[in-house]
Amino acid sequence: MRRKLLVGNWKMNRNPVEADGLAGNLRKLLSEATFADIVVAPPFLSIPAVVSRLKHSNIEVGAQNLHAEASGAFTGEISGEMLKTAGASWCIVGHSERRQLFGEDDRLVSAKVQACLRAGLRPILCVGETLAERDAGQVDAVVSRQVEAVFQKLNAEIAATVTIAYEPVWAIGTGRTASPEQAQEVHATIRGLLAKHFPAFVARTSRILYGGSVKGSNARSLLGQADVDGALVGGASLVPEDFLAIVEGAR
């Protein structure tokens with residue numbers, strides 16, 4: 001039985017003071033949510049404050065991005081090693097906003113997953129299709145390409161530690177959500193891909209999250225699908241009561 005994982009991506013919201021307050025509220029509300037794993041990913045600058053506030057709680061802290069190198073002349077960037085030192089234990093990689101707005105391709109995303117592993121961070125690899133790609137019947141091809149670009153460089157033991165988040169780009173921040181059946185179909189494709197390339201335990205134990213306008217009203221139906229092992233939550237994770245409602249959907 002795969003344990004559910006709920007990840008809150010705060011994106012470019014909440015300065016350190018605000019993040020401390022949000023983390024404190026989440027700590028109180030989610031203190032009894034021991035039936036699932038919970039991670040929040042604040043902006044880089046707010047990570048230390050959130051790590052401090054959530055110390056000895058049931059909520060872990062992640063980052064939203066990282067550079068592929070450990071150090072160097074990369075003005076404005078931050079490495080996995082720095083994030084680890086700041087207290088992060090997870091890192092989101094390849095989010096559609098990084099791919100679409102900042103030009104990150106499969107090769108760079110793969111390098112960033114390697115950077116997470118090198119630094120001791122647990123990667124959350126985001127994959128997903130645009131509306132045009134879905135309308136063109138390319139969902140399986142796009143998602144398979146994005147997954148294989150990363151996993152072809154991993155051995156089975158390492159592959160089993162990488163979480164995948166399926167986020168249809170057309171459902172992120174739009175209010176549109178893939179139906180539970182649509183989500184399950186793609187999640188099953190991803191799990192089948194893992195089964196094809198690795199020993200059976202990888203597909204059996206790997207967690208595949210759904211992201212894209214997840215809210216309390218649809219969380220239970222999405223998380224109830226056989227191959228949906230949790231959620232990557234955007235805006236709703238900034239409102240403690242809304243995030244709690246999503247977490248409760250994992251019971």
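The values are calculated or read from the model by the stated rules, or taken from the named source; none is laboratory data. Predicted model only: the values in this text are computed from it and were never measured. All Cβ positions, glycine included, derive from the backbone under ideal geometry; neighbour counts span all protein chains shown.
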- Message: I'm checking my understanding of the structure. Among residues of the range 115-132 that are out of contact with any strand residue (DSSP E or B) (no Cβ under 9 Å at 6 or more places or on another chain) and either modelled with pLDDT under 95 or under 30 Å from Lys84 (Cα atoms) (or both), which one is surrounded by the most Cβ atoms within 10 Å (Cβ to Cβ)?
- Response: Thr130
- All conditions in (1) within 30 Å of Val17 (Cα to Cα); (2) out of contact with any Ser or Thr (no Cβ under 9 Å at 6 or more places or on another chain) are true of Leu125 except (2)
- Message: Can you tell me which condition Glu81 does not meet? The list is (1) more than 27 Å from Tyr210 (Cα to Cα); (2) among the charged types (D, E, K, R); (3) under 16 Å from the mean Cα position of the chain (by Cα), and all the others hold.
- Response: (3)
- On the given criteria, is Glu167 of a type in the set (Asp, Glu) and closer than 14 Å to Leu209 by Cα? yes
- Item | helices (runs of 4 or more DSSP H) completely within the range 1-101 that count 2 or more residues being crowded, with 19+ Cβ neighbours inside 10 Å and in contact with a Pro (Cβ under 9 Å, 6 or more places away or on another chain) | 16-29, 47-53
- Please specify each residue of the range 113-146 satisfying the condition of being in contact with a Pro (Cβ under 8 Å, 6 or more places away or on another chain) and closer than 20 Å to Ile158 by Cβ. Val113, Cys116, Leu117
- List every residue pair whose Cβ atoms sit under 7 Å apart, with the two residues 6 or more apart in sequence or on different chains, where the first one lies in the range 5-33 and is under 24 Å from Ile164 (Cβ atoms) and modelled with pLDDT under 95 and the second, anywhere, is surrounded by 14 or more Cβ atoms within 10 Å (Cβ to Cβ) and acidic (Asp, Glu). none
- Got at least one residue in the range 170-184 being farther than 19 Å from Val39 by Cα, acidic (Asp, Glu) and crowded, with 18+ Cβ neighbours inside 10 Å? no
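Whether any residue in the range 172-191 is among the hydrophobic types (A, V, I, L, M, F, W, C) and at pLDDT below 95 is what I want to check.
Checking the range 172-191: at least one residue is among the hydrophobic types (A, V, I, L, M, F, W, C) and at pLDDT below 95.
Scan Ser79, Ser71, Ser46, Ser89 and give me the residue that is under 29 Å from Val239 (Cβ atoms) and out of contact with any Phe, Trp or Tyr (no Cβ under 9 Å at 6 or more places or on another chain).
Ser89
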- Message: On the basis of being more than 15 Å from Gly211 (Cβ to Cβ) and either in contact (Cβ under 8 Å) with a residue 12 or more places away in the chain or basic (Lys, Arg) (or both), does Ser96 make the cut?
- Response: no
- Message: Take the residues in the range 102-114 that are acidic (Asp, Glu) and free of Cβ contacts under 8 Å to residues at least 40 places away in the same chain; name whichever of them is surrounded by the fewest Cβ atoms within 10 Å (Cβ to Cβ).
- Response: Asp105
- Task: Please find, within the range 200-221, the residue that is farthest from Leu29 (Cα to Cα) out of those that are touching a Phe, Trp or Tyr at 6+ places or on another chain (Cβ under 9 Å) and crowded, with 24+ Cβ neighbours inside 10 Å.
- Result: Ile208
- Note on the structure: Filtering the range 149-167 down to residues that are touching a helix residue (DSSP H, G or I) at 6+ places or on another chain (Cβ under 9 Å) and buried (at least 17 other Cβ atoms within 10 Å of the Cβ) yields Ala149, Val150, Phe151, Leu154, Ala159, Ala160, Val162, Ile164, Tyr166, Glu167
- Task: Could you grab me the full set of residues in the range 236-251 that are over 17 Å from the mean Cα position of the chain (by Cα) and part of a loop (DSSP other than H, G, I, E, B)?
- Result: Val239, Gly249, Arg251
